[in-house]
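The values are calculated or read from the model by the stated rules, or taken from the named source; none is laboratory data. Just so we're clear, the structure is a prediction, and the values are computed from it rather than from any experiment. Cβ: placed from backbone, ideal geometry, glycine included. Neighbour counts: every protein chain shown.
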Amino acid sequence: MTKRVCGNCRWFRKDRFCWRYPEANTTTPDAACGEWADASITPEQEDRKELTRQFAVAIMSTQWAANCPEGQVWAVAASLAAAEPQIQRENEQ
């Protein structure tokens, strides 16, 4: 897992400024804040990850989750998140 420090954040610039908070003074690569965004993944991948998490939380509130084999909730949530763009395209036709 990527360490949550400014140097690994999408908002951190090499000139030691934060794109998220440009009005802030310079920062160091080992500093951290609550607005961290992983620079090693694309914004689309981050959105997919968040959508998968939301589906998993929703699934866990169902009766089905009580009898679900371990790990299957995340697999189902990931497949639902992956289907979302396809569903949108089908609805547009």
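A few remarks follow.
- Yes/no for Asp15 being exposed (fewer than 14 other Cβ atoms within 10 Å of the Cβ), at pLDDT 85 or above and touching a Ser or Thr at 6+ places or on another chain (Cβ under 9 Å): yes
- Out of Glu23, Glu50, sole residue that is out of contact with any strand residue (DSSP E or B) (no Cβ under 9 Å at 6 or more places or on another chain) and within 19 Å of Ala83 (Cβ to Cβ): Glu50
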